[in-house]
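Visitor: So that we are looking at the same thing, I have put the structure below in structure tokens.
The values are calculated or read from the model by the stated rules, or taken from the named source; none is laboratory data. These figures come from a predicted structure and were not determined experimentally. Cβ placement follows ideal geometry from the backbone for every residue including glycine, while neighbour counts extend to all protein chains displayed. Ligands, DNA and RNA are excluded from the accessible area calculation, which covers all protein heavy atoms including side chains. Shrake-Rupley method; radii C 1.70, N 1.55, O 1.52, S 1.80 Å.
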Amino acid sequence: MEHIRLPKVEQVKLLDQVAPRKSRVGTLYLTATHTIFVESEDGQRHETWVLHSLVSSVEKQSPSSSPSGASLMVHCKNFQLLQFVIPEEQDCQDILLSLRRLSQPESYEELYCFAYKPNVDEEERQREWDFLSLTSEYKRMGLPNPHWKLSSANQHYEVSDTYPSELFIPELATLPVVVGSSKFRSRGRFPTLSYYNRGNHAAVCRSSQPLSGFSARCLEDEQMLGAVLRSNPRSEVVYVVDTRPKLNAIANRAAGKGYENEDNYSNIKFQFMGIENIHVMRNSQQKMLEVCELRSPSMSDFLEGLENSGWLKHIKAVLDAAAFISKAVAEEGVSVLVHCSDGWDRTSQVCSVASVLLDPHYRTLGGFMVLIEKDWISFGHKFSHRCNHVDGDPKEVSPIIDQFLECVWQLSEQFPCAFEFNERFLITIHHHVYSCQFGNFIGNNQKEREQLGIQKRTHSLWSYLWSNRADFINPLYRPNHSQTLGALRPSTAPHCFKFWGGLYNRFERGVHPRQSVEDCLRAIREETEQLEEQLASHKQKISKLEGQKWTVSNIFDKSPTAWIFTPDLRLANTPQDYTSCFLTSGTRAAEDSPDLTPPDLNQTSNDLNQTSSFNTSNSSDHESGVADLSAQSPFSEDGTRDSDEAANSAA
Amino acid sequence: MLSGSKNTFKVRQMEPMLKERMLSQSGASARSRDILGLRCLPGECVLQRVPMVRKKLTSREGRGWLSGTLFCTHFRVAFVPQDTPEQLDNADPVLLGDHDVALAAIEKVVVVGPNRTKQVSASSSLKFTPEELLLFCRDMRVVCLLFDRLTPDAHVLQMTYTIAKTYQPLKPGSVLAFQNAALGSVEMKQFLSNRSRDPHMNWFETAQDWNQELERCGAVGWRVSAVNERFEMATSLSRFVVVPQRVLDTELKKTFAHFSEGRIPRWSWRHPRGADLLRMSSFQNNIYHEKDDIRNLELVLFGGHSSLCVVVELGEELPSTLDIHLSHSRLRALCLGDVSSSMTVPDDKWLSSLESTHWLHHTRACLRKASEVCCLLRSGHMTVALQEAEDRDMGCLVSSLVQVMCDPHSRTQRGFQSLLQKEWVTAGHRFYSRLNYHRDCDKDESPVFLLFLDCVWQLWAQFPSRFQLTEDFLLALHDSLHLPLFSTFLANSQRERLKSSQHVGQSYTRVEGWRDVPLELEDLCDPPLPPVWDWDLQYSKERQASFTQPIPSPTPPQPLLNGNLNTGTDTLRMADTIPGSVFLLSRGSFSCPPQLPPWRSSLSSSVYRKSHRRALSSEHVPGLERLLKAWALADFPHTLTSHSGPQGPLDPYEPLLPLLMGPCLGLWRQCYLRGAIHAQAFSHPLSSPQPHPVERLSRQVQQLRTQLSQVPVPKEPCSPETPMGLQRDLNQNANNSTFLFPAARSSKTPSPQQSSRPAAGPQQSSRPAAGPQQSSRPAAGPQQSSRPAAGPQQSSRPAAGPQQSSRPAAGPQQSSRPAAGPQQSSPQRSHKHTFLFRASSPGRRRSTAPEAQSQSCRPHTAS
């Protein structure tokens, strides 16, 4: 709170990026965690909330550009761009300074996740963290088995402090081999298992670059690779994939690092992949975002800007590398060792995209979460540095995880039926990687997270996503389709890569297509399911009533009061409706009753199921009213009598 | 005998270079024609046939590969998948199956051999055996066919040469031959003449059609004039024009001279809010405007509204026909790649090369212009006249685009077809010259209509649920455009179209004279050409089903007769404006140049002032500009409802104004990139769903073997008809047959499911046919490892044996095939072939053979 210089400014204008004339006027509030813009022009309150941790930069533009006051540009990490015009120059300055301080916390303790306290008790919170377990994921892959074992070498992070404590290594790799190999690898990140293909025993392993320099060798490292090779009994070779461009790898040799020499290792095949480093990626994304922010780009501005940014080229490079690996594993049955420099950026990207290609499980909601947990979080992708969670070196920041999510999105565009989740799922994950609302992405590695007590103090994103999974389901998902079984074979021709407007232009409402087919489909499907359920319950009810028909109708009393009460009850959805329907007169009931006899209802719901047309909403309300009624025990007797009467007359 | 004479009849119609070939083939083709399930058109001949070909499916069709049989007839290259369900024999002929390509649609033929790629023409000879055949089509499809390595080289070469020789590079004259190949036969002519027109769409050919349209739009104050019924006034216009009621025909006749090519302002559509859309060509300046004419000219121009007319000049901001042509050919080159580079990945300049085609730029310009017009129309009572120099290209495009945006009826399939009929076909778009089927008017070629389809697709992509028609329909239309078969596209104006159809009627008697007349193309008369809208002729019912959305969209309310939907707040009241103001909309701003209608400047101003109370003023120009601005700023209700699923009740006539910013327009990938064959990560079939025939055979042999091993007593009667001798043979072969299996398979345990196979007996009896040959080749290595690694394709095949050994193994299959015909009388024997040719679904073979014979008799008896 002490950083807030000015908690509230009135008469602030929020400019619309697409149509600058349509600006909105309201009040700007600064709170400890959010910037809130409340617009209350035409009686309708409209609020815009921006989390401080999502603010990537705040700039004040020269006051001459906007005559009505000083202008403040707020760039967010989720690609939202807000332009406020604040009448008073001084206010603007205050807001600028406060926001700058608030958006760049100096220590982890200031992060939002430690302040985020939803109404959940401690036990429940603990259960959130148990939602995903890597152990069961390895078990799903079929591990441990005779070829791969769980290693305790890194139990207390003594071999590599950026690796997780639980690692799978080849059965033949002894502890001295592991330790020796880790000494020969940058930051001690020795070769270890990332994905195991149960079908043909081929595995995807990951490590960091070897410290080979120009001529250095390490016997243990060579033994380690030999063990990887022998863990796959059918193959005679291991691919070693260096995801860097060759030039970068050679340059690293001068620093005593480098890449494996094919002569020193037995039966390896070495391959460079040419994915650029984090600095190139950062600049590329910056250039692309500049294109996105163009006011009204012409065709050539947009296409040329996009190409010059090189962003899609980099995405293609990642996907190419992943396709290479998945082909090697799935088609050739050859194990692959992937590394880059440190083995936490490009390696994470490539391994996880390859896993998505290889295993249908990773294309489901749960599988995708566990994939991120495994290949990114546990293997030490430096989230806090890359996403700039706390104020740090700007050179460490890079959109590596963005690229991964975009790769998956590009795949989902190519294979719309192969993914259980939709675009919104990816965008939500992207949002929370940067938002710091959940503890999952805080810190740079597992050791750091344990020291911060993440699991004891924060909430987990995964269970949050799971509980909202209805929003993230892809209506087109067909798990048993021939195309979606087994490995995906994407095309990586340049025309297959599209600009992801859904993410980068997410907040510019005017830019998006006005109709989302997917949403339409989802709504229709939900509607259909609901109707089918109701149909089933009605059918059940009717068959039950058919049995009682004759017995009850003889004793049925045809008093008018019964007629007045019951139809209205059918319309009632809530307890309030129930009470009010006793108060209101019976005239409406008389009008409504003819439409609502059960055979009619069944007829309409049948029709609706067939057409699943847009105009189902009205009648489904009526029907859910009936469904409610059957659940309401006190009045159910009236209901049965009435519908029985109708059935009787129909007969 | 009948079939033989039928063939000679056929050959006469063929081009001479094919005649010889046909004769030598006639015996074989007559019998084998239907064996593998190709349903020929009446009079169609199979020239060449290769079984076990795999066709690459596009991503739209579900990727992967489809195996089947490839045919080349003198009309098309047909591909019949293995498991095609049987069709009704009495079904109407469909010109092209789902996997077929008409010869006229093929642009070039490229073969891919081991490490080589070569374009094949009629005269070229190949020095290698093709493994893959690529057919580049004019409609931007690329059909990729993969020959089986068991197919003898000679067959592959023959097929390649046949296709190369018969596909017709477009040149003057070749189109006619193609039309005759498709529709020239007597049955086809009869069939076509008996087809009825689609009664659900408006053809705009009679006065009644136009009246119906006037009624549909609720347009009052207009009438249909038959002044051009015999094309005397304007040759390029339709027979009927819609003009203001107040103008008499005698007066109207005088106005034609004042417009270029006599394309006077005429009504095309009325917006439900009461504004009328007119089209006209440019004013004729060099003519003296008589006083009497002026009143008529103005009446015609102002239509029903005396108040305000906005002339939208289409020449300036829209691409010229030459621009479109250049742009489209660049786009083609980009999307298809040329032959030399077709196998290499294009460089990373994809986006900038896309930009440099300017295709999206042109699309955007058209959409922008149409959006502007929509905004004018929705504002209420005025006349918007689209003016283009010739009024035969962009006028068609913009006026129809405006209607697609504004009129829900135009977004249904029938409505869209009617729209095209109204704005393009009868309005005299020069399809014939623009599409340049004959390659005889290169300077006029320009795919204006394709640009229009792209614009509609852009709208569809942004508002999919507001359309009843689908992308598939647009694609089908796009593809038909490249087929020179339809009267719709084979004429420059309605006059030419009618003329050619009459011509056919007169010369129909000459059909019988064919045989005596030397084979000169000029003497072959035009067959009666069907309109493109007869989709039954082109596509199967299944494909047509995808032309429209499965979900019925809410029916639009009937337009108000008086056209008064002026309930919106943003509409301008035009009633109090000065009568007779004419404004020019150009580059997004309005102006009123004094000489806009030439007669005004040519006259003394006094005359002009007499007819109008006040001089022209531009005082409500700002009001008009506001209309356009409102469009730029408008936040339409559907932006908000887009996230809430199905559309709520909207004003159905609210125009679909597309977003035109750079990221919002996309490339029509499903159309232009259908055939993208740039090298892909996995381009060859690795695990095709259909096992290789040899593998399947070996699997069945394996199954039989396990079944045999389960038989406890040798005397077990597995089938009463099976002779014992055969069984003994079988036992002998069982020892050797392991050569057929991969090692992994032979180690499998016997599966118990075998005993449930009902057809076990006859199957076994067929074994000896294949057995001895296989056992006589001891050199056959059991595994793939024995073959020298022959590139990715070889290693990727899941098949069992190496190439050398498996070729002879297929021998019995092929040698026994010609014998299939005469043996069909014996049920048991045909069962044998059932086993061998499971791939070719023999049930159909048997049932269609007699039918084919009876069909083949017909031409003879008829003539």
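Visitor: Relative contact order (percent) for the range A:281-322, with alpha-carbon contacts under 8 angstrom and 6 or more residues of separation? The partial results should precede the final answer.
Guide: On the way: 21 pairs, mean separation 19.8, N = 42.
Across the range A:281-322, relative contact order equals 47 percent.
Visitor: Further, regarding this structure: For the range B:269-303 and the range A:182-221, compute the distance between their C-alpha centroids and round to whole Å.
Guide: Cα centroid of the range B:269-303 versus Cα centroid of the range A:182-221: 81 Å apart.
Visitor: Could you please state how large a percent of the accessible area of the range B:173-223 is carbon and sulfur, counting protein chains only and using a 1.4 Å probe? Intermediate values should be presented prior to the final figure.
Guide: Numbers: 1080 of 2160 Å².
Roughly 50 percent, rounded to a whole number.
Visitor: Put simply, what bits of the range B:420-465 lose 20 Å² or more of accessible area when the other protein chains are there, versus the chain on its own (1.4 Å probe)?
Guide: B:Gln462, B:Phe463, B:Pro464, B:Ser465
Visitor: Decide, for the range A:306-353, between rounded, prolate and oblate: order the square roots of the alpha carbon gyration tensor eigenvalues as a ≥ b ≥ c, take rounded if a/c falls under 1.5, and otherwise choose prolate if a/b is larger than b/c, else oblate. Write down the numbers at each step before the final one.
Guide: Numbers: a/c = 3.60, a/b = 1.60, b/c = 2.26.
Here the range A:306-353 falls in the oblate category.
Visitor: Also, I was wondering about something else. Once the other residues with Cβ under 12 Å from the Cβ of A:Lys77 are scored (Lys, Arg +1; Asp, Glu -1), what is the net sum?
Guide: Details: positive: A:Arg386, A:Arg506; negative: A:Asp402.
Residues near A:Lys77 contribute +1 overall.
Visitor: For peptide B:654-663, what's the mean number of Cβ atoms from other chains within 10 Å of each residue's Cβ? Before the final figure, lay out the partial values.
Guide: On the way: counts 0, 0, 1, 1, 2, 6, 3, 13, 16, 17.
What the average comes to for B:654-663 is 6.
Visitor: Another one. Compute for chains B and A the buried accessible surface, both sides summed, probe 1.4 Å, and express it in Å² to the nearest 100. Don't jump to the answer; show the numbers that get you there.
Guide: Details: alone 37770 and 30080 Å², together 63190 Å².
Approximately 4700 Å² gets buried when B meets A.
Visitor: Over the range B:101-225, give the accessible area per residue in Å² for a 1.4 Å probe, as an integer. Please list the in-between numbers first.
Guide: On the way: 4550 Å² over 125 residues.
I get 36 Å² per residue for the range B:101-225.
Visitor: Summarise the accessible area of the range B:393-478 (1.4 Å probe, protein heavy atoms) by the percent that is carbon and sulfur. If you can, show how the numbers build up before the last one.
Guide: Details: 700 of 1450 Å².
Here carbon and sulfur together make up 48 percent of the probe-accessible area.
Visitor: Could you work out the relative contact order of the range A:201-270, using alpha carbon pairs under 8 angstrom and six or more residues apart, expressed as a whole percent? Display every interim value, and only then the final one.
Guide: On the way: 74 pairs, mean separation 32.1, N = 70.
Relative contact order of the range A:201-270: 46 percent.
Visitor: Taking 40 Å² as the minimum loss, tell me which residues in the range A:321-344 lose that much accessible area going from the chain by itself to the full protein complex (1.4 Å probe).
Guide: Going by heavy-atom accessible area, the residues of the range A:321-344 that drop by at least 40 Å² are A:Lys327.
Visitor: Explain nothing, just the number: relative contact order of the range A:311-441, from Cα pairs under 8 Å at least 6 residues apart, as a whole percent.
Guide: 23 percent
Visitor: At what distance in nm do the modelled label points of A:Glu526 and B:His200 sit from each other, each positioned 7 Å from its Cα along Cα→Cβ?
Guide: 3.3 nm
Visitor: Counting other Cβ atoms within 10 Å of each Cβ, which trypsin sites (Lys or Arg not before Pro) in the range A:167-203 have at most 13 and sit in a DSSP loop?
Guide: Details: sites: A:Lys183, A:Arg185, A:Arg187, A:Arg189, A:Arg198; in loops: A:Arg189, A:Arg198.
Here the sparse-neighbourhood loop sites are A:Arg198.
Visitor: Next question. Apply the a/c threshold of 1.5 to the C-alpha gyration tensor of the range B:147-271 and tell me whether it is rounded, prolate or oblate. Mind dumping the intermediate values first?
Guide: On the way: a/c = 3.42, a/b = 2.65, b/c = 1.29.
It comes out prolate by the Cα gyration axes.
Visitor: With a cut-off of 17 Å, note down the residues of the range B:252-290 whose backbone N falls inside the zone around a label point 7 Å from the Cα of B:Lys443 toward its beta carbon.
Guide: Answer for this model: none.
Visitor: Here's something else I'd like to know. Taking the range B:107-165, which trypsin sites (Lys or Arg not before Pro) meet the DSSP loop condition and have no more than 15 other C-beta atoms within 10 Å?
Guide: On the way: sites: B:Lys108, B:Arg116, B:Lys118, B:Lys127, B:Arg138, B:Arg141, B:Arg149, B:Lys165; in loops: B:Lys127, B:Arg138, B:Arg141, B:Arg149.
The qualifying sites are B:Lys127.
Visitor: Using a 1.4 angstrom probe on heavy atoms only, work out the carbon and sulfur share of the accessible area of the range A:377-489 in %.
Guide: Numbers: 1820 of 3760 Å².
Using a 1.4 Å probe with all protein chains present, the range A:377-489 comes out at 48 percent carbon and sulfur.
Visitor: Starting from the range A:250-349, pick out the GluC sites (Glu not before Pro) whose DSSP state is loop and whose Cβ has at most 14 other Cβ atoms within 10 Å. Please list the in-between numbers first.
Guide: On the way: sites: A:Glu260, A:Glu262, A:Glu276, A:Glu290, A:Glu293, A:Glu304, A:Glu307, A:Glu331, A:Glu332; in loops: A:Glu260, A:Glu262, A:Glu276, A:Glu293.
Counting only loop positions with at most 14 other Cβ atoms within 10 Å, the GluC sites (Glu not before Pro) in the range A:250-349 are A:Glu262.
Visitor: Among the listed pairs A:Lys139/A:Lys374; B:Lys369/B:Lys422; B:Lys127/B:Lys171; A:Lys498/B:Lys56; A:Lys313/B:Lys349; A:Lys382/A:Lys447, which are separated by more than 18 Å between their Cα atoms?
Guide: Values: A:Lys139/A:Lys374 13 Å; B:Lys369/B:Lys422 20 Å; B:Lys127/B:Lys171 28 Å; A:Lys498/B:Lys56 24 Å; A:Lys313/B:Lys349 10 Å; A:Lys382/A:Lys447 12 Å.
Correct reply: B:Lys369/B:Lys422; B:Lys127/B:Lys171; A:Lys498/B:Lys56.
Visitor: Moving to a separate point now. How much net charge surrounds A:Ser300 when only other residues with a Cβ under 11 Å from its Cβ are counted (Lys, Arg +1; Asp, Glu -1)? Kindly include the intermediate steps, with their values, before the conclusion.
Guide: Values: positive: B:Arg364; negative: A:Asp301, A:Glu304, A:Glu307, B:Glu355.
Summing Lys/Arg as +1 and Asp/Glu as -1 gives -3.
Visitor: Excluding A:Gln155 itself, calculate the net charge of residues whose Cβ lies under 13 Å from the Cβ of A:Gln155, where each Lys or Arg counts +1 and each Asp or Glu counts -1. Please list the in-between numbers first.
Guide: Working: positive: A:Lys447; negative: A:Glu158, A:Asp161, A:Glu166, A:Glu450.
Counting the neighbours of A:Gln155, the net charge comes to -3.
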